[in-house]
Amino acid sequence: MRFTVSITILKENSLVLTMFNSLTSLFKQLIDGSDLSKTNALSPNMAIACLLCEVSGADHLIDEKEESTKRSLLMKLLELNEQESEQLLAQAKEKTQDATSLYDFTSQLRELTQETRYNLIKSMWEVAYADGQIDPLEDAVIRKTAELLYVDHSDFIRAKLQSQ
């Protein structure tokens, strides 16, 4: 099966050309039978860092207490040193700006144990509480993440209460 398109019109608009090239590449991968799910896969550590960034950025306010909490939680949860934690957070902030939904991150964490998922939700609550108040948008991000990770509602509430 071949895909042919007249490129004369596309050459005038580089954005359209870039999109065309991406679609062409996607079609080639589909025809070749490539596993597209592996193409944009994030490491679990990156996905966790991204989710913590999503919570802290949900209220559109940058708070140093939340930033500090994210760093210390990553060091504790992922057994990273301070420099590794800083690098991971810097990369995660970039990834969250390009993300279309929380599913981009939660889909990479389905293999985690239930206990690890619970600890992630609890950590997200700790980030949200770091500035002394829970914004409704922060609550919504954590709630949606818990749903996407199949964390029981009772565990969601328990994590929230333990983080206060």
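The values are calculated or read from the model by the stated rules, or taken from the named source; none is laboratory data. Just so it is clear, the structure is predicted and the values come from calculations on it, not from any experiment. Reconstructed Cβ throughout: ideal geometry from the backbone, glycine too, with neighbour counts over all protein chains shown.
If a residue must be assigned to a helix (DSSP H, G or I), closer than 24 Å to residue 75 by Cα and of a type in the set (A, V, I, L, M), how many such residues does the stretch 123-164 contain?
8
Looking only at residues that are in a helix (DSSP H, G or I) and of a type in the set (Asp, Glu) in the stretch 41-85, which one is nearest to residue 141 (Cα to Cα)?
First, the residues of the stretch 41-85 that are in a helix (DSSP H, G or I): 44-57, 64-78, 82-85.
Restricting the remaining residues to those that are of a type in the set (Asp, Glu) gives 54, 64, 66-67, 82, 84.
Values: 54: 7, 64: 20, 66: 15, 67: 17, 82: 26, 84: 25 Å.
Ranking the qualifying residues of the stretch 41-85, first place goes to 54.
Residues in the stretch 88-120 that are in contact with a Leu (Cβ under 9 Å, 6 or more places away or on another chain) and either among the β-branched types (Val, Ile, Thr) or more than 19 Å from residue 142 (Cβ to Cβ) (or both): how many?
Residues in the stretch 88-120 being in contact with a Leu (Cβ under 9 Å, 6 or more places away or on another chain) and either among the β-branched types (Val, Ile, Thr) or more than 19 Å from residue 142 (Cβ to Cβ) (or both): 4 in total.
Kindly evaluate residue 56 against the criterion of being surrounded by 17 or more Cβ atoms within 10 Å (Cβ to Cβ), polar (S, T, N, Q) and under 25 Å from residue 153 (Cβ atoms). If you could, list the steps in order and put the result at the bottom.
On the way: surrounded by 17 or more Cβ atoms within 10 Å (Cβ to Cβ): yes; polar (S, T, N, Q): yes; under 25 Å from residue 153 (Cβ atoms): yes.
Taking the combined requirement at face value, the residue satisfies it.
Could you give me the residue pairs with C-beta distances under 8 Å whose first residue belongs to the stretch 61-85 and is touching a residue at least 40 places away in the same chain (Cβ under 8 Å), whose second residue is assigned to a helix (DSSP H, G or I) and surrounded by fewer than 18 Cβ atoms within 10 Å (Cβ to Cβ) wherever it lies, and which are 6+ apart or on separate chains?
Note: pairs meeting the criteria are 77/119.
Which one is modelled with the highest pLDDT, of the residues in the stretch 105-147 that are more than 20 Å from residue 67 (Cα to Cα) and either among the small types (Gly, Ala, Ser) or not assigned by TED's automatic domain parsing to the domain that holds residue 64 (or both)? Full working, then the answer.
Taking the stretch 105-147 and keeping what is more than 20 Å from residue 67 (Cα to Cα), we get 106-118, 143-144, 146-147.
Narrowing further to those that are either among the small types (Gly, Ala, Ser) or not assigned by TED's automatic domain parsing to the domain that holds residue 64 (or both): 107, 146.
Numbers: 107: 93, 146: 98.
Restricting to residues being more than 20 Å from residue 67 (Cα to Cα) and either among the small types (Gly, Ala, Ser) or not assigned by TED's automatic domain parsing to the domain that holds residue 64 (or both), the top hit is 146.
Please verify whether residue 89 is of a type in the set (A, V, I, L, M), in contact (Cβ under 8 Å) with a residue 12 or more places away in the chain, out of contact with any Cys (no Cβ under 8 Å at 6 or more places or on another chain) and surrounded by 15 or more Cβ atoms within 10 Å (Cβ to Cβ), treating the condition exactly as stated.
Numbers: of a type in the set (A, V, I, L, M): yes; in contact (Cβ under 8 Å) with a residue 12 or more places away in the chain: yes; out of contact with any Cys (no Cβ under 8 Å at 6 or more places or on another chain): no; surrounded by 15 or more Cβ atoms within 10 Å (Cβ to Cβ): yes.
When the stated conditions are applied, residue 89 does not pass them.
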